[in-house]
Amino acid sequence: MLGLYRHGESVLHRLPAGSKLLGLVIAGTAIFLIANPFHIAGILVLVCVAYRIAGLDARTLIAQIRPALWLLALIFALQLWLNDWQAGALVTLRLSTLILLASLVTLTTQVSAMLAAMERGLAPLRHFGVDPSRVSLALSMALRFIPLIADVTAQVREAQKARGLERSVIAVAVPVILRLLKMADDIADAIDARS
Amino acid sequence: MSTRDIVHIALFAAFTAALGLFPPVTLPLTGVPITAQSMGPMLAGAIIGARKGFLSQALLLVLVAAGLPLLAGGRGGFGVFLGPTGGFLLGWAISAWLIGWLFERNWRNLTALKATAYIFIGGIPALYLIGTAWVAVVVDLSYMQALLANAPFVAGDLVKVAIATIVAMTVRRAYPMMARA
């Protein structure tokens, strides 16, 4: 399954997904409770060391934080304007640490292992009428549908091109959704017929 | 819950993910990126209803959390939930639920004006209420300050409300889902 996972053999890769998730929750809460920017900076250094241990290079590390950079800059400016630079440093360091730590878990855990761990975590919901096998069915179907929707969209755009409408969001979205809903009926009938 | 319901849930989880494939449009002057993806929860609620709409968005979030790059710009993993926009992601599920609930309750006498109002309520005030709470926590701002910081995004979201309403009403005419339920 394609994902953000980077293959490796490190200790972090070998840790069970469930423990990594639990660790992330605990560490994330702790990072929120710490109000000293220097302590957070210390943790940030530790997280960077952990990237090293996982065999991930600096480029990968920077790639994790890059999408959030402009937001972080905006937040820092906002804090600087409303409070002072210490508050700005605390908030931006805290966010960067959280994002990097969470991304580290994602980078070192296979999607299948993560889904299995989450399905186990959802198991207690059985008592509230959640059927785990139906959850698995929905998860695998959603993954299969994404490329299918891309195909249907490409076909509809091609058809609307003849009418000069391939750039109209509405003229593309409506036929795509209608086709998908009809397809959903067929798929449901097929699954029911086989079970 | 029937098999058809499960298929619908998976379909709208995937549809929202597919909306993220469209390149984001950057608003002039403010530089705020607008993605088509947040139309996903609006359409999910308006087309498949409250319960299924909610579950479809929850399903997408599970896949994102599991490490799949399904959000606009190829983002994914746990980091996005802890980042400043994490609250808006959780808000998608609530937004889809609220829009679905309003549509279901008023399905028989739905007008374009009502539909616009419902998608607006679920897609903007309700979503921002939740999203802003998270921004205020992670960015250490007061709620009002965080709300103002989010204001530039409203313009793009208004356009999305308009598009989602037209799409949802057209689909409703051609394929009335809730009338059968």
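The values are calculated or read from the model by the stated rules, or taken from the named source; none is laboratory data. Here the structure is a predicted model, which means the values were calculated and not measured. Every residue, glycine as well, gets a Cβ built from its backbone with ideal geometry; the counts of neighbours run over all protein chains shown.
Structure data summary
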item	result
Selected residue (only one of B:125, B:69, B:41 is surrounded by fewer than 23 Cβ atoms within 10 Å (Cβ to Cβ) and out of contact with any strand residue (DSSP E or B) (no Cβ under 9 Å at 6 or more places or on another chain))	B:125
Positions within region A:87-101 being crowded, with 24+ Cβ neighbours inside 10 Å and among the hydrophobic types (A, V, I, L, M, F, W, C), in sequence order	A:95, A:98, A:99, A:101
Listing of helices (runs of 4 or more DSSP H) fully contained in region A:87-195 that carry 1 or more residues being farther than 30 Å from residue A:31 by Cα and more than 8 Å from every other protein chain (Cβ to nearest Cβ)	A:132-161, A:169-194
Helices (runs of 4 or more DSSP H) lying entirely in region A:1-73 (those with 3 or more residues that are polar (S, T, N, Q) and either free of Cβ contacts under 8 Å to residues at least 12 places away in the same chain or outside the structural domain of residue A:108 (by TED's automatic domain parsing) (or both))	none
Test result for residue B:63, closer than 21 Å to residue A:65 by Cα, over 15 Å from the mean Cα position of the chain (by Cα) and part of a helix (DSSP H, G or I)	yes
Failed item, numbered, when residue B:119 is tested on (1) more than 21 Å from residue A:72 (Cα to Cα); (2) modelled with pLDDT of 90 or more; (3) surrounded by fewer than 24 Cβ atoms within 10 Å (Cβ to Cβ)	(3)
Region B:73-100 - residue that is buried (at least 21 other Cβ atoms within 10 Å of the Cβ) and of a type in the set (A, V, I, L, M) and, of those, nearest to the other protein chains (Cβ to nearest Cβ)	B:82
When residues of region B:103-127 are limited to those that are free of Cβ contacts under 8 Å to residues at least 24 places away in the same chain and part of a helix (DSSP H, G or I), the one farthest from residue B:160 (Cα to Cα)	B:105
Residue identified as closer than 30 Å to residue A:190 by Cβ and of a type in the set (A, V, I, L, M, F, W, C) among A:93, A:82, A:143	A:143
Lone unmet requirement of (1) loosely packed, with under 15 Cβ neighbours inside 10 Å; (2) touching a residue at least 60 places away in the same chain (Cβ under 8 Å); (3) hydroxyl-bearing (Ser, Thr, Tyr) for residue B:143	(2)
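Here's the yes/no breakdown for (1) without any contact (Cβ under 8 Å) to a residue 40 or more places away in the chain; (2) farther than 18 Å from residue B:2 by Cβ:
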residue: A:117; (1), (2): no, yes
residue: A:131; (1), (2): yes, no
residue: A:136; (1), (2): yes, no
residue: A:143; (1), (2): no, yes
residue: A:150; (1), (2): yes, yes
residue: A:165; (1), (2): yes, yes
residue: A:169; (1), (2): yes, yes
residue: A:180; (1), (2): yes, no
